[in-house]
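Asker: Following this message is one structure expressed as structure tokens.
The values are calculated or read from the model by the stated rules, or taken from the named source; none is laboratory data. Remember, it's a predicted structure, so these values are computed and weren't measured experimentally. FYI the Cβ positions are ideal-geometry reconstructions off the backbone, even for glycines, and counts take in every protein chain you see. The accessibility values were calculated without ligands, DNA or RNA, using every heavy atom of the protein model including side chains. Shrake-Rupley method; radii C 1.70, N 1.55, O 1.52, S 1.80 Å.
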Amino acid sequence: MLGDKMSPYFDEYLHLVAAEGRIEIEDIRAIRTVLSEEIAVTRDTIEKLIDLDRNAVGPGDWSEFLSATIADFVVWVEGSLGKVSAETSEWMIAALRGPSGVQAPSATRVIEAVIAQAEEVSAILTLFAVSLSCERSLARPSTAT
């Protein structure tokens with residue numbers, strides 16, 4: 001399936017990777033190539049990548065790639081350069097939470113990457129980032145004796 005032009009098969013490829021339940025380094029390279037050479041990154045594409053994150057386990061490189069891709073799109077393509085609007089924040093948060101409310105495994109890393117790249121973010125995104133930090137803190141076992 002990985003030939004000169006993969007874009008006509010991109011959705012099918014993502015479904016196959018999700019069905020296997022594992023994202024390999026070669027998958028990351030293939031996805032990166034398609035996104036940089038064949039198709040424009042859109043909200044729909046981002047949502048498909050987040051669904052893949054939710055349905056397959058990948059190495060640390062996957063989380064890095066996903067968070068960088070989403071941050072680049074949200075901060076530099078969507079809306080005003082360097083600014084993440086409330087509307088964009090709401091869409092991204094909804095995509096990261098998913099229809100069933102199951103948060104994507106890379107959600108925290110994505111939000112951190114977006115905030116690090118952006119010159120200005122909406123209060124909604126800041127509050128979501130704080131809630132993720134609180135959830136992480138609550139999930140950690142206490143070390144107090």
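Asker: Please go through (1) at pLDDT below 95; (2) closer than 23 Å to Ser36 by Cβ for Gly98 and return the number of the only condition it doesn't satisfy.
Answerer: Here Gly98 meets the rest and fails (2).
Asker: Within segment 108-145, can you find the residues that are of a type in the set (Gly, Ala, Ser), modelled with pLDDT of 90 or more and farther than 21 Å from Ala94 by Cβ?
Answerer: Across segment 108-145, the qualifying residue is only Ala116.
Asker: Continuing with this model, one more query. When the residues of segment 4-44 are narrowed to those that are over 18 Å from Trp62 (Cβ atoms) and of a type in the set (S, T, N, Q), which ends up modelled with the lowest pLDDT?
Answerer: Ser7
Asker: Any residue in segment 99-113 that is open to solvent by 30 Å² or more (accessible area, probe 1.4 Å) sitting within a Cβ distance under 9 Å of a residue that is of a type outside the set (Ser, Thr, Tyr) and in a loop (DSSP other than H, G, I, E, B)? List the pairs, counting only those 6 or more apart or interchain.
Answerer: If the second residue must be of a type outside the set (Ser, Thr, Tyr) and in a loop (DSSP other than H, G, I, E, B), the pairs left are Pro105/Gly58.
Asker: Could you run through segment 51-101 and say how many residues are more than 14 Å from the chain's Cα centre (by Cα) and hydrophobic (A, V, I, L, M, F, W, C)?
Answerer: Here the count works out to 5.
Asker: Another question, then. Just wondering, is there one or more residues in segment 52-59 that are in a helix (DSSP H, G or I), open to solvent by 10 Å² or more (accessible area, probe 1.4 Å) and among the β-branched types (Val, Ile, Thr)?
Answerer: The answer is no, given that none of the residues of segment 52-59 is in a helix (DSSP H, G or I), open to solvent by 10 Å² or more (accessible area, probe 1.4 Å) and among the β-branched types (Val, Ile, Thr).
Asker: Of all the residues that make up segment 66-92, how many are surrounded by 15 or more Cβ atoms within 10 Å (Cβ to Cβ), out of contact with any Gly (no Cβ under 8 Å at 6 or more places or on another chain) and part of a loop (DSSP other than H, G, I, E, B)?
Answerer: Final tally of qualifying residues: 1.
Asker: Test each condition in (1) part of a loop (DSSP other than H, G, I, E, B); (2) under 26 Å from Gly21 (Cβ atoms) for Ser63 and report the one that comes out false.
Answerer: So the condition that Ser63 fails would be (1).
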